[in-house]
Amino acid sequence: MDKTLLYQHAFDKDVVRSTATPFYYYDTALLHETLQEVNHQIHGLPFQVHYAVKANNNPRILSEIAKGGLGADLVSGGEMEVALAAGFKAQEMSFSGVGKSDQEIMLGIQHDIGCFNVESIPELEVINQLACEMGKTANIAFRVNPDIDAHTHKYITTGTAENKFGICIEALEPAVKHALTLPHIHLRGLHFHIGSQITTMRPFAMLCDTINSLLDKFEQQNIHFESINVGGGLGIDYTDPDSHPLPDFKSYFNTFKEKLHYRPNQLVHFELGRAIVGECGTLIASVIYVKESRNKKFIILDAGMTELIRPALYDAHHLIQNLTAQGGEPCGVYDVVGPICESSDVFCRDCKLPITRRGDLIAIRSAGAYGECMSSRYNMRRQPASVFVGSK
Ligand code: LLP
């Protein structure tokens, strides 16, 4: 590739030019900065941050995050295995999911994981029974469905009564009392998660109010919890990632510091995925063809919904940049699409870009979370490669 790179900010030109497309480009310097900022904001507070492995399970990313001191939030036995291999401590793992299999539960009990986030009474009974058979006690928290609408995309809202997740508030008290009688269960606390890509603090403040009243209610009955897990969900800036490469961790953690009435000896757990890895990843693709139809111009990339499904699945917006076009100013209007045999294989409609030609390199930004890990083999596509660059 002998084109001149115009957007030079975060990209290593040699790496971008010399790597076969499509591939994920990870800026590990930005990842480190993000982890540092998280650790800085929680310093001195009884807060523990777990990384939601589902957002990106690339082994290199996982080991950087484990080194950064975060715990792990899991939703499968497979995630537990990769997280253990990457160096996360079992005692700092929490395991959510409405359908944990017996094998997955046994794996967690075997490793004495920090917490199973239990989503139903049948699951509680199975955990108790399997722990009994293994001669162990399992740490659990109840995942509570707080019925709060986070006003994000309907596919990534998880905390309303409509959703399959968690135990509804009315059923919580009998569940807690029952768990306290089970010999192989150690009830640590309560767990919540209201949704993802939340960009205002209001839903988190509402969550704090709900938690506060639950804690008061249980304390009146002399029931105390050692841990409160408030889930994840902090959003990132998909529109202007260069202005906000780091999410607003300060406001986020301050909201919980100020609004959540956590008690002495209580640890507050967080499960952040997108906010940790979203901005450090970019999908880089080449333009295969530029095609004009009656009233549209299409940029056809060698990456599609198989490499990044978010636009097709959630109508998600990702900033698209032409890294190699001559003249940086937008002056063409294109639909940017992939090569997959699906009409939804579109990254952006009516996207303003510089005049684009075959062979140009295109960056699809903010793709570090729910990008590579949601890629598929549909149309017999190959798994995209990943490269890691340490400095900006
Ligand atoms: N904790 C639980 C229980 C969760 O279900 C999730 C995400 C998280 C934590 C992490 O949420 P985050 O901090 O990343 O918002 N594929 C979708 C997002 C699905 C999120 C599922 N749950 C997307 O691409 O937008």
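The values are calculated or read from the model by the stated rules, or taken from the named source; none is laboratory data. Quantities reported herein were computed from a predicted structural model and do not represent experimental measurements. Every residue, glycine as well, gets a Cβ built from its backbone with ideal geometry; the counts of neighbours run over all protein chains shown. Quick note on the areas: whole protein, heavy atoms, side chains included, nothing else; ligands and nucleic acids left out. Shrake-Rupley method; radii C 1.70, N 1.55, O 1.52, S 1.80 Å.
Does region 215-234 contain at least one residue that is of a type in the set (A, V, I, L, M) and more than 24 Å from residue 36 (Cα to Cα)? Yes, some residue in region 215-234 is of a type in the set (A, V, I, L, M) and more than 24 Å from residue 36 (Cα to Cα).
For region 359-377, name all the residues that are part of a loop (DSSP other than H, G, I, E, B) and either under 22 Å from residue 289 (Cβ atoms) or modelled with pLDDT under 95 (or both).
Residues satisfying the conditions are 359, 360.
Tell me yes or no: at least one residue of region 298-318 is without any contact (Cβ under 8 Å) to a residue 12 or more places away in the chain and not assigned by TED's automatic domain parsing to the domain that holds residue 242. Scanning region 298-318, I find no residue that is without any contact (Cβ under 8 Å) to a residue 12 or more places away in the chain and not assigned by TED's automatic domain parsing to the domain that holds residue 242, so the answer is no. I'm trying to understand the selection: among the residues of region 290-312, which are of a type in the set (A, V, I, L, M) and within 18 Å of residue 239 (Cα to Cα)? Answer for region 290-312, where residues must be of a type in the set (A, V, I, L, M) and within 18 Å of residue 239 (Cα to Cα): 308, 309, 312. Of all residues in region 320-358, those satisfying the criterion of being open to solvent by less than 20 Å² (accessible area, probe 1.4 Å) and assigned to a loop (DSSP other than H, G, I, E, B) are 323, 324, 325, 338, 340, 345, 354, 356. Among residues of region 69-78 being open to solvent by less than 20 Å² (accessible area, probe 1.4 Å) and within 22 Å of residue 34 (Cα to Cα), the one that is nearest to the ligand (Cβ to nearest atom) is 73. Within region 276-294, does at least one residue satisfy the condition of being among the basic types (Lys, Arg) and at pLDDT below 95? Yes, region 276-294 contains a residue that is among the basic types (Lys, Arg) and at pLDDT below 95.
When residue 199 is tested against the conditions (1) more than 30 Å from residue 283 (Cβ to Cβ); (2) within 16 Å of the ligand (Cβ to nearest atom), the lone failure is (1). Exactly one of these conditions fails for residue 94: (1) open to solvent by 30 Å² or more (accessible area, probe 1.4 Å); (2) touching a residue at least 40 places away in the same chain (Cβ under 8 Å); (3) hydroxyl-bearing (Ser, Thr, Tyr). Give me its number. Against the list (1) open to solvent by 30 Å² or more (accessible area, probe 1.4 Å); (2) touching a residue at least 40 places away in the same chain (Cβ under 8 Å); (3) hydroxyl-bearing (Ser, Thr, Tyr), residue 94 comes up short only on (1).
Considering only residues in region 46-68 that are open to solvent by less than 10 Å² (accessible area, probe 1.4 Å) and of a type in the set (Gly, Ala, Ser), the one that is farthest from residue 362 (Cα to Cα) turns out to be 52. Within region 28-45, being open to solvent by less than 70 Å² (accessible area, probe 1.4 Å) and either out of contact with any Phe, Trp or Tyr (no Cβ under 8 Å at 6 or more places or on another chain) or over 16 Å from residue 390 (Cα atoms) (or both) holds for 29, 30, 31, 34, 35, 37, 38, 39, 41, 42, 45.
Yes or no, residue by residue, for (1) part of a helix (DSSP H, G or I); (2) within 12 Å of the ligand (Cβ to nearest atom); (3) crowded, with 22+ Cβ neighbours inside 10 Å:
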residue	(1), (2), (3)
217	yes, no, no
264	no, no, no
276	yes, yes, yes
279	yes, no, yes
284	no, no, yes
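Here is a yes/no grid of residues against (1) modelled with pLDDT of 75 or more; (2) surrounded by fewer than 16 Cβ atoms within 10 Å (Cβ to Cβ); (3) outside the structural domain of residue 199 (by TED's automatic domain parsing):
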| site | (1), (2), (3) |
| --- | --- |
| 130 | yes, no, no |
| 140 | yes, no, no |
| 146 | yes, no, no |
| 152 | no, no, no |
| 155 | no, yes, no |
| 166 | yes, no, no |
| 170 | yes, yes, no |
| 175 | yes, no, no |
